[in-house]
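What follows is one structure encoded as structure tokens, with my remarks underneath.
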Amino acid sequence: MSTLATILNTLVVILAVLLIALILVQPSKSGGGFGSAFGGLGESVFGAQAMSHLSKLTVWCISIFFVLTLASAIIAGHMKSADTSVVEESSLVMGATGAEKPAEVAAEAVKPAETAVETAAAAEEKNASEPQN
């Protein structure tokens, strides 16, 4: 795994834990829930405008979380495609069918066609050698 991917994944996890804490501290619209269980922790620490500050901080954290998650997914997709080439992927797929190399698979696919051509040629020679009535 690349260093950048590791850093992004670590930031996503830290941000997720921060978001969980921010959301649990905020009181619900009805005034109940986990926010009230902490005894107005947000209001006592941040002052009278606490809920607007916590709401803004939550929106910013969610936005950053989505951007980091999208960047992590893009990097993971590029890492997968950069690790193997198209030729290696096709040889891996063909290796799963029991063939070692693509050339061997192609040779095995040609054999039935060659036998069909030989059979048709033999039948044609046999018809040509028989006397016509």
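Every read-out reported here was derived from the displayed coordinates using simple, explicitly stated rules and does not represent laboratory data. All values reported here derive from a predicted model rather than from experimental measurement. Cβ sites come from the backbone with ideal geometry, for glycine too, and all protein chains shown count toward neighbours.
The table below gives the values:
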{"item": "Extension reserve of the THR6-THR69 stretch, reckoned as 0.36 nm per residue once the Cα distance is removed", "result": "21.5 nm"}
{"item": "FRET efficiency for VAL17 and ILE62, using Cβ-Cβ distance with R0 set to 22 Å, rounded to 0.05", "result": "0.95"}
